[in-house]
1. What ranking do 34-40, 4-10, 23-29 get when scored by the average of other Cβ atoms within 10 Å per residue, highest first?
2. Would you order 32, 48 from fewest to most other beta-carbon atoms within 10 Å of each residue's own beta-carbon?
3. How high is the relative contact order of the chain, in percent, counting Cα pairs under 8 Å that sit 6 or more residues apart?
4. How large is Rg/Rh for the chain, to two decimals, with Cα atoms and a Kirkwood Rh?
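Values quoted throughout were computed directly from the atomic coordinates according to the rules given, and no laboratory measurement underlies them. Since we're looking at a predicted model, the values are computed, not measured. Note: ideal-geometry Cβ built from the backbone for every residue, glycine included; neighbour counts use all protein chains shown.
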């Protein structure tokens, strides 16, 4: 988990010449049901270089 105050993060141990899908989700307390909820902030696809 990345704190909401973070402006960036670092991905490590990626394999070269590989396709990846990365999505960032917000996790928050749903005040109505008292359950944890998630919301998609955004997704990106990328390929690592050789």
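1. Numbers: 34-40: 9.3, 4-10: 6.1, 23-29: 10.9.
Highest-to-lowest ranking by the protection proxy: 23-29, 34-40, 4-10.
2. Values: 32 7, 48 12.
The most exposed by this proxy come first: 32, 48.
3. Working: 57 pairs, mean separation 19.9, N = 50.
That works out to 40 percent.
4. Values: Rg = 14.7 Å, Rh = 13.3 Å.
Looking at the chain, the ratio lands at 1.11.
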